[in-house]
Amino acid sequence: MPMVNFKRTVRTGFLNFMRNGIVSLSSVIVMTITLSVLSGVLLFQHVLETTLVNIENNVDVAVYFVPGADEPTILSLQTQVNALPEVASTDYVTEKDALADFRARHANDTTTIQALDVLDQNPIGGLLEIKAKDISQYESISNFFADTGTLGTGTASIIDHVDYNKNKAEIDTINGILKKGRSLGFLLMLVLIALSVVVTFNTVRLAIYFAREEISVMRLVGASRGHVQGPFVIEGTLYGIVATLLTLVIFLPITYWFGKHMTDFFQGINLFTYYLTHIYEFLIVLVVFGVGVGALSSFLAARKYLRV
Amino acid sequence: MIYFNSVKKEYPKDTVALEDITLSINAGEFVSIVGHSGAGKTTLIKLILAEESPSEGTVFFESLDVNRLKNRQLTELRRRIGTVFQDFKLLGNKTAYENISFAMEASGKTDEEIAADVPHVLDLVGLLEKREHFPGQLSGGEKQRLAIARAIINQPEVIIADEPTGNLDPINTYEIVQILKKINDLGTTIILTTHNRGVVDSIGKRVITLEKGKVIRDDKDGRYMI
């Protein structure tokens, strides 16, 4: 019998969904708006996060060595730096590579190139680029080099300068923006989702309010609470499923447009590619959210009118 | 079968709908409850169905105090009572067939039982050809016949008909009364509220007269007298 009841509940829910045309349509539209807000927030979070990660990746500490510095000492220093817990990675650029980079950057500057050519030795020293695990850790890495006791006098003498201090203000500013950006994005997401849930909940409540007379009649003819409530929950579930499919389709042209016209603006983030490659994740999140909100709000709203 | 013991029903602002009601209705009876609008007829019905609870006194259905029933027991009680209302109270987004099958599903009948009984009862009230019609596509008389079909489908012990002919023309009124009499002849208790003199007189059975919330007359072979 439970299986028969379930089958009847699903069938009745489907029939009600189809027959309550206008009410179902308006509920699906509101739910679609809710899920669109959610999708928009997810995409915004992706853009924000990727942008922040890009900014983080562009920040590093560069240790410039004096020309002719002893390479085994530099490599020993690199090993010590790699051992620091704050350090994510290091990249050693040799004097030779640094000179090649310099020449490439100034290829059109003949005066500078000619000046280089007349010199007997390479005037450009090597450098060690250090990336921290977290942007807030650059200062402590920089302090490591200021601590001559750690490096020893021999090692300290090979360092020309560390450019963190020069960029300290910028790094601190970026660090502040990153923290606030993440908090603001999260807060915005919560507010938008909460608003959407409230709007959807009230729309479903309104839809069930129109059926309150029918609910009382069902109770009077001897229907149990579950028998009355079940089809409404199925209807709410269907609102969620249909709205999910609509939202997924709607976001195809939207992300396509963003991908085509806004990729440069978003510093290389192609929203269309991201959306297509993550469409199953979007499907799961939207279905869970849509069905959850639809079914729960139907359940709660119908319950209110069951007290007959 | 149904017993009112010193029942009083008071609504807010000191409006007394029923007062000092003590009466019993036996199995198989056809009882007409008459009185002017506002006399308390519908309140009496709502008390039997436990839609309302009395301010004082108790209402019994057999040995059950209807206002002390748990949710599941109340659902089971209502399955033993068929209801017909003046405004039909049909399910607007279900067809005639589905309105009746819903009541059967609610009482746990199998698909086979539903498939066998629903056409039969639709035929009984002359609506077999309109089985796929929605209530909005039926006339007043047809709606009331459908409501009666729904009320009797689970073979209840009692049928409560609250002003069932209030919205009907004389021909449909006559048809509905004949159907109710036929159901009563088969052993089902009928409780009918009405203020239609012709209906009450044509039935010629027990009449309880209410006035301002009190029973002023209870005649075994009564006529409409107010």
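The values are calculated or read from the model by the stated rules, or taken from the named source; none is laboratory data. Keep in mind that this is a model prediction, so the values were computed, not measured. Counting neighbours? That spans all protein chains shown, and the Cβs are built from the backbone with ideal geometry, glycine included. These area figures cover heavy atoms from the full protein model, side chains too; ligands, DNA and RNA do not enter into them. Shrake-Rupley method; radii C 1.70, N 1.55, O 1.52, S 1.80 Å.
Table for the structure above
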{"item": "In region B:175-212, the residues that are within 17 Å of B:Gln144 (Cα to Cα), free of Cβ contacts under 8 Å to residues at least 12 places away in the same chain and not polar (S, T, N, Q)", "result": "B:Lys182"}
{"item": "Subset of region B:99-120 that is more than 8 Å from every other protein chain (Cβ to nearest Cβ), of a type outside the set (A, V, I, L, M, F, W, C) and surrounded by 17 or more Cβ atoms within 10 Å (Cβ to Cβ) - its residue that is farthest from A:Ser216 (Cα to Cα)", "result": "B:Asp117"}
{"item": "Qualifying residue in region A:2-22 (condition: within 14 Å of chain B (Cβ to nearest Cβ), over 30 Å from B:Glu112 (Cβ atoms) and open to solvent by 40 Å² or more (accessible area, probe 1.4 Å))", "result": "yes"}
{"item": "Test: residue in region A:30-37 that is over 18 Å from A:Gly292 (Cα atoms) and in contact (Cβ under 8 Å) with a residue 40 or more places away in the chain", "result": "no"}
{"item": "Condition check for B:Ile148: within 12 Å of chain A (Cβ to nearest Cβ) and under 20 Å from the mean Cα position of the chain (by Cα)", "result": "no"}
{"item": "A:Tyr64 vs. criteria more than 14 Å from every other protein chain (Cβ to nearest Cβ) and open to solvent by 50 Å² or more (accessible area, probe 1.4 Å)", "result": "yes"}
{"item": "Residue identified as within 14 Å of chain A (Cβ to nearest Cβ) and in contact (Cβ under 8 Å) with a residue 12 or more places away in the chain among B:Leu44, B:Leu90, B:Leu138, B:Leu124", "result": "B:Leu90"}
{"item": "Qualifying residues in region B:56-87 (those that are of a type in the set (Val, Ile, Thr) and more than 9 Å from chain A (Cβ to nearest Cβ)) - the one most open to solvent (accessible area, probe 1.4 Å)", "result": "B:Thr58"}
{"item": "Members of region B:65-101 that are in a helix (DSSP H, G or I) and under 25 Å from B:Glu129 (Cβ atoms)", "result": "B:Ala96, B:Tyr97, B:Glu98, B:Asn99, B:Ile100, B:Ser101"}
{"item": "Hits in region B:11-55 (condition: part of a strand (DSSP E or B) and open to solvent by 30 Å² or more (accessible area, probe 1.4 Å))", "result": "B:Tyr11, B:Thr15, B:Val16, B:Glu19, B:Asp20, B:Thr22, B:Ser24"}
{"item": "Answer from A:Phe232, A:Phe272, A:Phe289, A:Phe265 - the residue that is open to solvent by less than 40 Å² (accessible area, probe 1.4 Å) and in the same structural domain as A:Val30 (by TED's automatic domain parsing)", "result": "A:Phe232"}
{"item": "Yes/no for A:Arg205 being within 14 Å of chain B (Cβ to nearest Cβ) and open to solvent by 50 Å² or more (accessible area, probe 1.4 Å)", "result": "no"}
